[in-house]
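K.L.:
Sharing a structure here in structure tokens format.
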Amino acid sequence: MSTDNTEPAGQDAPAAQADQPRHMWRIVAIWFILAAILDPLFYFLVGPHVPPGTMTDNASDNQFDFNILLVIAVPVLIAVWVYLGYCIVMWRSTRKGVPDPVGGPQARSHLKVQVGWIVTTTIMVLGLFLFGTVRLITGNGSGGGEGPNPIWTPTSATVLPVQVIGQQWKFTYRYPTFGGMETSQLIIPDHTTIAFHVTSLDVIHSFWAYQLSVKADANPQQDNVAYTETKETGNVTVRCSELCGIWHGAMFNYGKVVSKSDFETWAKKTEALTAANTKLLPPFAWTYVPDANNADGGYYPDNVDPYSNAEVYGATPGKPTPVNGQ
Amino acid sequence: MSFGGRVSVVLGLLVVVIGFAVWGVVGFLLPQPPTVDFTSAQTPTGAIDMTVQTVPAIGFGYQPVWVSYLVKNPQGQWIHSTVWKLPAHTRINVTIDQYDSGSPLRNQQWWRVQGTLGGQATYNGKPLSVYDSNTGNNGIGHTFTVPALNLSVPLVGVDGNATNTCGSAPCTTNFDHNTMKFSFMTPGAGTYSWQCFVPCGGGYLFGNGGPMTTLGYMGGFLDVVA
């Protein structure tokens, strides 16, 4: 670099800068106005339609959480766009009177900007961490699997236990409070706390009831418990969200949240209809070892206790009492 | 490492990458099971009659010992395919000749007949709604299950003490077998996967590899068209 070129620029820079409008304040003003308008608009107009909806308490909570995240993200997005847009408009090369780019110390660092950036992002990240943690705890696990001994249990005195059994490549459902009947379709009652007990007969699957905002891994010989409380009737899509083999993509089915009376009618009818089948099923247990039926494919140990202890649901102090959907 | 050594490593890795690429492309281009078209095979009543068989060993191809389904096309030929084209909203009358032996089920839910017309099937001419595979010598050989339709029929296995068993496909009814018959209605147009729910891929992880994960053997698609 020739000093002939850099010296005049260095000398002219302060003068040129003094002639410039206060760009930073302009950008902040534009950003503030846009964010103040768009953020509430987004929250009140788009927010109610953000997935996963409001079918359960988890779904409502998660929708709220997503909205909070998006309300925080929208101003950041606007800041980036405003800054870029402002730069493109104000310092485009075809615009007359634009000073040459300034090098030197000012281009290398700006202490206030750096501190401001670090402090702002730190506050945002730590704030979101605290927010997420609190929401996870107060939301009874927020619809996620909590393992066999849940830390966060619902406050409801009664729950409807539903066992979800993953198998390559379909989910089936057992209802221990209805004689242990097993069905191919998930039906649950409205305005009821549900305890999903998720397990697998082979590889790892993941039970994802999208509209219920429930997602829990299905591990063989593990009872993974997830809670939710239904708030609305409607259709539910259940998908496996863990790559589990060639037909993983086909491992989905549909369920319903129905009124309590409809659920009671359906459950009793199905219990009677499947009685012959239920009688032949293994006794209800929280987990199953396929070797019990010699259907092990040669990969399970022989001569083991085939089933976990069939805990009487609700017998454990502090755990909710099961109900038949009422 | 010397320059020559480094060049050798790079070339070696290049060969591996090219090898994987060629393997992937060739695998993609390999022929898939043919689609057997039943859309013009409707009987005067509007229904479609299908005849299917399950065999303990296909007897040919690159995996001759794998269990498999076969289907008889409208021209009466046995086709080794599990991709079947069917018209929408049509009654399908299915006859499955099951030549394989059976075993207990991993999930006994699959010994219940589900989703068929009337909620039943027939097993060698007798009505069947639930088959207890833990009793007798038969067990369940396979199932014909379309998860999206909640349709499932257990295929009762051939007696484990049978001596006149079929060794390779296509099997004739002279061999020991069980015949399952049932009917179902096709839904609207779409592609519906179906599979066997007995982990019959012996020698593979959880019994669900090999023929259970290869199109054309123990799973396929109902290609339902409007």
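We did not get these values from a lab; they are worked out from the coordinates using the rules stated. On a predicted model such as this, the values are computed, not experimentally measured, just so you know. Here the Cβ is made from the backbone with ideal geometry for all residues, glycine too, and neighbour counts use every protein chain on show.
K.L.:
May I ask which of A:Lys231/A:Lys260; A:Lys215/A:Lys279; A:Lys279/B:Lys126; A:Lys256/B:Lys181; A:Lys170/A:Lys256; A:Lys231/A:Lys256 have a Cα-Cα span longer than 23 Å here? Don't skip to the end; give the middle numbers.
P.N.:
Details: A:Lys231/A:Lys260 11 Å; A:Lys215/A:Lys279 30 Å; A:Lys279/B:Lys126 21 Å; A:Lys256/B:Lys181 31 Å; A:Lys170/A:Lys256 17 Å; A:Lys231/A:Lys256 12 Å.
In this structure, A:Lys215/A:Lys279; A:Lys256/B:Lys181 exceed 23 Å between Cα atoms.
K.L.:
Among B:Cys200, A:Cys244, rank each residue by its count of other Cβ atoms within 10 Å, from fewest to most, as a rough exposure measure. Intermediate values should be presented prior to the final figure.
P.N.:
Numbers: B:Cys200 28, A:Cys244 22.
In order of increasing Cβ crowding within 10 Å: A:Cys244, B:Cys200.
K.L.:
Mind checking Rg over Rh on segment B:3-91, alpha carbons, Kirkwood formula for Rh? Provide the component values of the computation, followed by the final result.
P.N.:
Details: Rg = 22.2 Å, Rh = 16.9 Å.
Radius of gyration relative to Kirkwood radius: 1.31.
K.L.:
Kindly write out, for segment B:53-59 in residue order, the coupling ³J(HN,Hα) from the Karplus curve 6.51 cos²θ - 1.76 cosθ + 1.60 (θ = phi - 60°), rounded to whole Hz, with x marking Gly and Pro.
P.N.:
With the stated coefficients, segment B:53-59 comes to 9, 10, 10, x, 8, 5, x Hz.
K.L.:
Can you give me the long-range amide H partners of A:Met181? Hydrogens built in the peptide plane at 1.01 Å from N, cutoff under 5 Å, separation of 5 or more residues or another chain.
P.N.:
When sequence neighbours closer than 5 places are left aside, the close amide H contacts are A:Tyr175.
K.L.:
Please give, to one decimal in nm, the separation of the simple spin-label points placed at B:Thr39 and A:Thr265, each 7 Å out from Cα toward the Cβ.
P.N.:
4.0 nm
K.L.:
Rounded to whole Å and sorted largest first, what semi-axes of the equivalent ellipsoid does the C-alpha gyration tensor of chain B yield via the square root of 5 times each eigenvalue? If you can, show how the numbers build up before the last one.
P.N.:
On the way: eigenvalues 279, 100, 53 Å².
In descending order the semi-axes read 37, 22, 16 Å.
K.L.:
Can you compute 3J(HN,Hα) from phi for each residue in segment A:57-73, using the Karplus curve 6.51 cos²θ - 1.76 cosθ + 1.60 with θ = phi - 60°, rounded to whole Hz and x for Gly and Pro?
P.N.:
Values per residue, Gly and Pro as x: 5, 4, 4, 4, 4, 5, 4, 4, 4, 4, 5, 4, 4, 6, 5, 6, 6 Hz.
K.L.:
Right, another one. Mind checking the mean number of beta-carbon atoms from other chains within 10 Å of the Cβ atoms in A:272-279?
P.N.:
On the way: counts 0, 3, 5, 1, 4, 11, 4, 2.
Mean partner shielding for this stretch: 4.
K.L.:
For A:Val89 and A:Leu128 in one chain, what is 0.36 nm times their gap in residues minus the Cα-Cα distance, to one decimal in nm?
P.N.:
Working: separation 39, 0.36 × 39 = 14.04 nm, distance 3.41 nm.
My answer for the length gained is 10.6 nm.
K.L.:
Quick query: amide H of A:Val236 versus all other amide H atoms, modeled in the peptide plane; which residues come in under 5 Å with a sequence gap of 5 or more or a different chain?
P.N.:
A:Gly255, A:Lys256, A:Val257
K.L.:
I would also like to ask the following. Return the long-range amide H neighbours of B:Gly141 (sequence gap of 5 or more, or a different chain), with a cut-off of under 5 Å between placed amide H atoms.
P.N.:
It is B:Ser103, B:Leu155, B:Val156, B:Gly157, by chain and number.
K.L.:
Could you put B:Leu155, A:Leu243, B:Leu105 in order, starting from the residue whose Cβ has the fewest other Cβ atoms within 10 Å?
P.N.:
Values: B:Leu155 28, A:Leu243 11, B:Leu105 24.
By the 10 Å Cβ count, ascending, the order reads A:Leu243, B:Leu105, B:Leu155.
K.L.:
Sort segment A:143-290 into rounded, prolate or oblate with this rule: let a ≥ b ≥ c be the square roots of the eigenvalues of the Cα gyration tensor; rounded if a/c is under 1.5, and if a/c is not under 1.5, prolate when a/b is larger than b/c, oblate otherwise.
P.N.:
Values: a/c = 1.33, a/b = 1.13, b/c = 1.18.
Rounded is the answer for segment A:143-290, as its axis ratio a/c remains below 1.5.
K.L.:
Kindly write out, for segment B:35-47 in residue order, the coupling ³J(HN,Hα) from the Karplus curve 6.51 cos²θ - 1.76 cosθ + 1.60 (θ = phi - 60°), rounded to whole Hz, with x marking Gly and Pro.
P.N.:
Karplus values, whole Hz, x for Gly and Pro: 7, 8, 8, 10, 5, 10, 10, 6, 7, x, 7, x, 7.
K.L.:
Could you give the angle, 0 to 90 degrees to the nearest 10, between helix B:3-29's Cα long axis and the longest principal axis of the Cα atoms of chain B?
P.N.:
The two axes meet at around 20 degrees.
K.L.:
Okay, next question. Using the Kirkwood radius over C-alpha pairs as Rh, can you work out the diffusion coefficient of the protein assembly as shown via Stokes-Einstein at 20 °C, viscosity 1.002 mPa s, in µm² per second? Please report the intermediate quantities before stating the final value.
P.N.:
Working: Rh = 28.1 Å.
D, rounded to a whole number, is 76 µm²/s.
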